[in-house]
Amino acid sequence: MSTAITFSEYGAPEVLRPSEVTPPEPAPGQVRIRVRAASVNPLDLKIRSGLMTKVAPAHFPVVPGLDAAGVVDAVGEGAGAAVGDEVLGATVGGSYAEYALLERPVVKHRALSWEVAASLVTVGGTASRVLRQLGAQAGQTLLVHGAAGSVGTLAVQLAVARGITVVGTVGEHGVERLTALGATAVRYGDGWAERVGAAAGEGVDFVFDASGAGVLADSVALTGDSARVITIADMSAAEHGVRFSAGSTDHAEDSLPQLVRQAAAGELDVPVWRTYPLDQAPAAHRDIEARRNRGKVVLLP
């Protein structure tokens, strides 16, 4: 037996409880890892609270979590890694556990900490996917809403590295960091569209909304075309003719090996705010809900 965090009803963070479970067995093409770090993502909170029931109803008990990094300890037939390999990736069946399954393990570079390795998976894949879907090119201008968040921070870095001019909306705490990443920081809140218009100079070509803060109508107005705006956080997207980007569409997971190389080379900064023991998963969720974190939150089994 091993330990995992599970929940058997929707609710507040307190529904998350340590449970004794049988370690999962890898199917063909899968590997099982001894988890060294598991990233906590906002989607985990939405699933736990019941906000995703219409999209993905839970089959209780649920082991939450999307991403993990660890050491392979069992392999299925045709698996893409061997016992003893240090890997990271998206999990099958949850990551808040001592053991988890991966279908597409990516080798962890020795220069990456376990915390950073686990943190890179979903946020990096999401940032890469949306930039690919938008199709912004060098010399064009991209507006990123929520630019100081985990996805926004990576999107800014990836876009700047491609020669794209980036303007990001942030709170006071994010101005200095965003500027250091090579973007123009604009304070969010009332009047943000006018401030972005002034900062962008020749206008905004594309918008990546990672905030879900009710900015879609003005974002469409700034670009002049709803097809040039994508959100990952605003469920009212269809009302504005805006694309809602979710999941692993466009094979975004194919970007993970490159993201690992960039992070290992120091070309991509993945800020980790705090780590928690596995049994403190409820505290991790409460801190994210209270917006205390300034970077990724990671569980250490």
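Odds and ends about this structure:
- Counting 0.36 nm for each residue step from residue 238 to residue 254 and taking away their Cα separation leaves a gain of 3.0 nm.
- Here the label points at residue 269 and residue 173, each 7 Å from Cα along the C-beta direction, are separated by 1.6 nm in the simple model.
- Counting every pair of alpha carbons in segment 124-244, the share spaced more than 22 Å apart comes to 21 percent.
- Residues 46, 296 arranged by fewest to most Cβ contacts within 10 Å: 46, 296
- With each label modelled as a point 7 angstrom along the Cα→C-beta vector, the residue 291-residue 227 pair spans 3.4 nm.
- Here the contact order of the chain, divided by its residue count and restricted to Cα pairs under 8 Å and six or more residues apart, works out to 19 percent.
- For residue 276, residues with placed amide H under 5 Å, excluding near neighbours: 298, 299, 300
- Taking amide hydrogens as placed 1.01 Å from N in the peptide plane, the amide H of residue 167 sits under 5 Å from those of 142, 143, 144, 184, each at least 5 positions away in sequence or on another chain.
- The sum of -39500 (n - 2.57) across all DSSP H runs of n ≥ 4, divided by the residue count of the chain, sets its helix-only mean residue ellipticity at 222 nm to -8000 deg cm²/dmol.
- Ranked by how many other Cβ atoms sit within 10 Å of their own Cβ, fewest first, the residues 86, 14 fall in the order 14, 86.
- Summing Cβ point charges (Lys, Arg +1; Asp, Glu -1) relative to the Cα centre of segment 182-264 gives a dipole of roughly 220 debye.
- Electrostatic dipole magnitude of the chain [Cβ: Lys, Arg +1; Asp, Glu -1; Cα centre; debye, to 20]: 280
- Taking the number of Cβ atoms within 10 Å of each Cβ as an exposure proxy, the fewest-first ranking of 175, 196, 72 is 175, 72, 196.
- Cut-off 19 Å (backbone N to label point 7 Å along Cα→Cβ of residue 17), residues of segment 271-293: 278-286
- Summing Cβ point charges (Lys, Arg +1; Asp, Glu -1) relative to the Cα centre of segment 124-244 gives a dipole of roughly 440 debye.
- For the chain, the Cα gyration tensor yields ellipsoid semi-axes of 33, 21, 17 Å (square root of five times each eigenvalue, largest first, whole Å).
- Set of lysines with alpha-carbon distance to residue 54 below 24 Å, sequence-local pairs under 8 removed: 46
- Candidates 43, 16, 154: whichever shows maximal mean-square fluctuation once the chain is modelled as a Gaussian network with Cα springs under 10 Å: 43
- Choice from 274, 291, 261 showing the highest fluctuation, given a GNM over the chain with Cα pairs closer than 10 Å: 291
Throughout, read-outs are computed from the coordinates displayed, never taken from laboratory work. On a predicted model such as this, the values are computed, not experimentally measured, just so you know. Note that we place each Cβ from the backbone using ideal geometry, even for glycine, and neighbour counts take in every protein chain shown.
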